[in-house]
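Colleague: What follows is a structure written as structure tokens; I'll ask about it next.
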Amino acid sequence: MHFLNHLNQSQRLAVEHKDGPLLVIAGAGSGKTRVLTYRIATLIANGVLAREILAVTFTNKAAGEMKERVRELLGSDIPVPTIGTFHSIGAQFLRREIETIGRDRSFTIYDSADTLSLAKRILKDKNIDPQYIAPKGLLSLISVWKNAIKSPAEAKSEAENTRSDLLAECYGEYEKVLFKNNALDFDDLILCPIAVLKASPNTLQKYQRWWRYILIDEYQDTNYPQYLFAKLLSENHHNICAIGDTDQSIYRFRGADIGNILAFQKEYPVVTVVKLEENYRSTKNILAGADGVIKNNKSRIEKKMMTQNPQGDPLQIWECADEREEAERILRMIETLVKNGKSPKNIAILYRTNAQSRALEETAMRHAIPYTIVGGLKFYARSEVKDILAYLRLIINRSDSVSLERIINVPSRKIGETSLLRIRSFAQEKGTEIGYILEHIGGAEGISPATKNAIRSFNSLIEKLRENSSQFPLSIFIEKVVQETGYEIMLKRDGEEGEMRLENIRELISVAKKYDEIEAGKSLSLFLEEVALVSDVDDGEEKKDHLTLMTIHASKGLEFPVVFIAGCEENIFPSSRSFFNPEDLEEERRLMYVGMTRAMEKLVVTYARSRLLYGDFMNNPPSRFLQEIPEEVCEGNIFTKNISSSFSIPEENFQKGGEYETGEVVEHFKFGIGKILNIEGDILTILFQNGEQKRLAASIAPLEKRDPDFL
């Protein structure tokens, strides 16, 4: 087994351990995947049959990579063991064994779209207003109940009020329909195997003999059913290898239970514990900085990371005036790094919440730096942002049938696709647009009286908002649109996902605030024009050399030579939602640790004294996590001396819209030299030397001022 020579001492201990429980605490960048694959290969090389090994990962991608690495180590003629996600292994198991619990093995697996459709149908059948119980909110709660292994009867017995009682009833109906349709949802792919193993001792013994060696990756992210499934399979032989890191458990909101890995040594008193403490990714300074933060958590298995990598650049902590200065400084440094030969694909900007991307995206556009949002959509492509913009476009232009059709039934007004087809037909018959026909809907055929009333109500709402659009400052008007259309209530019913989407809408209101001083009727059209210009920026087809923007959650498992962590202020990071629960606060600190350990060579952490976010100005103190970074690994810790002067940019560079004057000469990297003819709010009208006249948004256009002699 020549490949064992590629391992350090701790890695080799984990790989060569054979029988009995094994807990591998694998710090960030410590070669966890190598240990897992080498362990599988070593077991097989030592006589364990491939079919006797079960390896569980958390993504299909990780499973595929693990299979390929095992093949490379052992050769293509050696069978590959069972490697897959909990859900894929559960599905395979059930295709063979589900009849044990009275189900048919030809079952269908419902995806998220299927279960959403089912939830909507149940609410409709029970005449429950989706504004009272949102379909997504119902599904989220059902998943919580299932992950706690609670039956509908148990959920109903714990109901504290009429609404929770109704939710439990819907859960019961949901389960009945799944059974009747011979269908399973994703949670069932773990719950049903547990039911089979508990119901049939013979089946349990068969699989305990079949899978004699069990390896579970990312054990800190397992939930209760996943823990129970693994425990049942291994309780006879105890040949279970759990590999993970208490310091990287960041999915509590998805049901992950850090207690599973913390309690592993109590669960298996004779366990062998191996700590992988050599980091192959980051510099000494980055590692020491991250350790300085995470050591403040109490719920962890302690380890001391070290590396043979160089000391590296000191960490930088930037104090910024506001989110515009923060974004500008970050993008200016990225510009400098790129000019000095660093590829944009080797640079990432991380942030706590999706809404923070907006200011960074606009600044990247202004600097003509192509970027990709990983694990999400660009700000103006997010459905909730597009929905509110559709309302605004319809308010300003009743002929906009595309916008009307997008939102006429969002939130639900019980105006279905069939009714919409008949409205279209009625409009064509009258030779006009849908927007003009709504007030005359009484003459349309084939539409029920109730639906006609809903259409009239919608039309009245739009007319009322149209009148309001010239009476209020733009940001206040958009708030009214979000509230009076019922969109805010709809999202609040969707639980945590809805709150995140609401944050994006509030951030859209942040963009609108700069138009509040412009005449009310005119500000909306200028705002929509700016948004259209932002949305229409050419993204290009080649994304291999793009700057990466993403939430820290999305960054887990990735690494970049250069990392910026933006928005490190109290109430943002850590989130204000974590202040009332020590467990939530520790999860936020783990998130900071994960973000910091994505960096290989350079790490910059930023915070702002003032921030316009979610439509409000915030003045939050610096994040407590910054105080926990050791001073000796920084260019002076911000709390012992001010380091922000090490990177200074004139204030006028952050007042982009107000920076220009009519008649000034500017240069655009694509259109060349031009003169500003007119300024309306943030919109610049520029005549370029090639004769083209363009309207560009000052906040995003990559423009540089030039001497008048250029013309």
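Colleague: Restricting the search to region 112-141, which residues are assigned to a helix (DSSP H, G or I), free of Cβ contacts under 8 Å to residues at least 60 places away in the same chain and acidic (Asp, Glu)?
Modeller: Asp125
Colleague: Going through Asn642, Asn637 one at a time, which residue ends up being modelled with pLDDT under 90, over 29 Å from the mean Cα position of the chain (by Cα), under 30 Å from Asn297 (Cα atoms) and open to solvent by less than 10 Å² (accessible area, probe 1.4 Å)? Break it down stepwise before answering.
Modeller: On the way: Asn642 fails: open to solvent by less than 10 Å² (accessible area, probe 1.4 Å).
None of the other options fit; the residue is Asn637.
The rows are residues; the columns are (1) over 26 Å from the mean Cα position of the chain (by Cα); (2) not in a loop (DSSP other than H, G, I, E, B).
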position: Ile330; (1), (2): no, yes
position: Arg398; (1), (2): yes, no
position: Ser412; (1), (2): no, no
position: Ile415; (1), (2): yes, no
position: Ala427; (1), (2): yes, yes
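Colleague: Only residues that are surrounded by fewer than 24 Cβ atoms within 10 Å (Cβ to Cβ) and in a loop (DSSP other than H, G, I, E, B): list them for region 215-238, please.
Modeller: Once the filter is applied, which keeps residues that are surrounded by fewer than 24 Cβ atoms within 10 Å (Cβ to Cβ) and in a loop (DSSP other than H, G, I, E, B), region 215-238 yields Asn223, Glu235, Asn236, His237, His238.
Colleague: I would also like to ask the following. For the subset of region 39-61 comprising residues that are touching a residue at least 40 places away in the same chain (Cβ under 8 Å) and hydroxyl-bearing (Ser, Thr, Tyr), which member is surrounded by the most Cβ atoms within 10 Å (Cβ to Cβ)?
Modeller: Within region 39-61, the match that is surrounded by the most Cβ atoms within 10 Å (Cβ to Cβ) is Thr57.
Colleague: Quick one: what pairs do we get from region 157-177, first residue touching a residue at least 12 places away in the same chain (Cβ under 8 Å), second loosely packed, with under 12 Cβ neighbours inside 10 Å and of a type in the set (A, V, I, L, M, F, W, C), C-beta under 8 Å, 6+ apart or different chains?
Modeller: Gly172/Ala153
Colleague: Scanning region 263-289 for residues that are closer than 18 Å to Asp217 by Cα and open to solvent by 60 Å² or more (accessible area, probe 1.4 Å), which turns out nearest to the chain's Cα centre (by Cα)?
Modeller: Lys275
Colleague: Among (1) open to solvent by less than 40 Å² (accessible area, probe 1.4 Å); (2) in contact with a strand residue (DSSP E or B) (Cβ under 8 Å, 6 or more places away or on another chain); (3) in a loop (DSSP other than H, G, I, E, B), there is one condition Lys342 misses while meeting the rest; what is its number?
Modeller: Unmet for Lys342, out of (1) open to solvent by less than 40 Å² (accessible area, probe 1.4 Å); (2) in contact with a strand residue (DSSP E or B) (Cβ under 8 Å, 6 or more places away or on another chain); (3) in a loop (DSSP other than H, G, I, E, B): (1).
Colleague: Okay, moving on. Search region 373-396 for residues being touching a strand residue (DSSP E or B) at 6+ places or on another chain (Cβ under 6 Å) and surrounded by fewer than 20 Cβ atoms within 10 Å (Cβ to Cβ), and hand back the single one that is nearest to Ile408 (Cα to Cα). Walk me through it before giving the result.
Modeller: Residues of region 373-396 that are touching a strand residue (DSSP E or B) at 6+ places or on another chain (Cβ under 6 Å), as a first pass: 373-375.
If we keep only those that are surrounded by fewer than 20 Cβ atoms within 10 Å (Cβ to Cβ) as well, we get 374-375.
On the way: Val374: 31, Gly375: 29 Å.
Residue satisfying both the conditions and the ranking: Gly375.
Colleague: Sticking with this structure for a sec: Are any residues in region 467-496 touching a Gly at 6+ places or on another chain (Cβ under 7 Å) and part of a loop (DSSP other than H, G, I, E, B), and if so, which ones?
Modeller: If the condition is that a residue be touching a Gly at 6+ places or on another chain (Cβ under 7 Å) and part of a loop (DSSP other than H, G, I, E, B), then Ser469, Ser470, Arg493, Asp494 are the ones that fit.
Colleague: Could you tell me whether any residue of region 467-477 is open to solvent by less than 60 Å² (accessible area, probe 1.4 Å) and β-branched (Val, Ile, Thr)?
Modeller: Checking region 467-477: not a single residue is open to solvent by less than 60 Å² (accessible area, probe 1.4 Å) and β-branched (Val, Ile, Thr).
Colleague: Looking at Ile44, Ile98, Ile25, Ile89, which one is under 30 Å from Glu497 (Cα atoms) and outside any loop (DSSP other than H, G, I, E, B)? Outline the logic, then answer.
Modeller: Values: Ile44 fails: under 30 Å from Glu497 (Cα atoms); Ile98 fails: under 30 Å from Glu497 (Cα atoms); Ile25 fails: under 30 Å from Glu497 (Cα atoms).
None of the others qualify; the one that does is Ile89.
Colleague: Would you check if Ile447 is over 37 Å from the mean Cα position of the chain (by Cα) and not in a helix (DSSP H, G or I)?
Modeller: yes
Colleague: Could we say that Phe527 is part of a helix (DSSP H, G or I) and touching a residue at least 40 places away in the same chain (Cβ under 8 Å) here?
Modeller: Yes; evaluated as a whole, the condition is true for this residue.
Colleague: Looking only at residues that are within 21 Å of Arg300 (Cβ to Cβ) and out of contact with any Gly (no Cβ under 7 Å at 6 or more places or on another chain) in region 550-567, which one is surrounded by the most Cβ atoms within 10 Å (Cβ to Cβ)?
Modeller: Among those that are within 21 Å of Arg300 (Cβ to Cβ) and out of contact with any Gly (no Cβ under 7 Å at 6 or more places or on another chain), it is Lys556.
Colleague: Shifting gears a bit: Among the listed residues Lys705, Lys675, Lys694, Lys670, which satisfies the condition of being under 16 Å from Met365 (Cα atoms), of a type in the set (Lys, Arg) and open to solvent by 20 Å² or more (accessible area, probe 1.4 Å)? Give the derivation first.
Modeller: On the way: Lys705 fails: under 16 Å from Met365 (Cα atoms); Lys675 fails: under 16 Å from Met365 (Cα atoms); Lys694 fails: under 16 Å from Met365 (Cα atoms).
One residue alone meets the criteria, Lys670.
Colleague: When you go through Lys464, Lys514 one by one, which is the residue that is at pLDDT below 90, open to solvent by 50 Å² or more (accessible area, probe 1.4 Å) and in a helix (DSSP H, G or I)?
Modeller: That would be Lys514, the only listed residue that is at pLDDT below 90, open to solvent by 50 Å² or more (accessible area, probe 1.4 Å) and in a helix (DSSP H, G or I).
Colleague: Another question, then. Restricting attention to region 1-38, and to residues there that are among the polar types (S, T, N, Q) and crowded, with 23+ Cβ neighbours inside 10 Å, which single residue is farthest from Asn279 (Cα to Cα)?
Modeller: Selected residue: Thr37.
The values are calculated or read from the model by the stated rules, or taken from the named source; none is laboratory data. Quick caveat: nothing in here was measured; it's all calculated off a predicted structure. Please note: Cβ atoms are built from the backbone with ideal geometry, for glycine as well, and neighbour counts cover all protein chains shown. We work out accessible area using only protein heavy atoms, side chains counted, and drop any ligands, DNA or RNA first. Shrake-Rupley method; radii C 1.70, N 1.55, O 1.52, S 1.80 Å.
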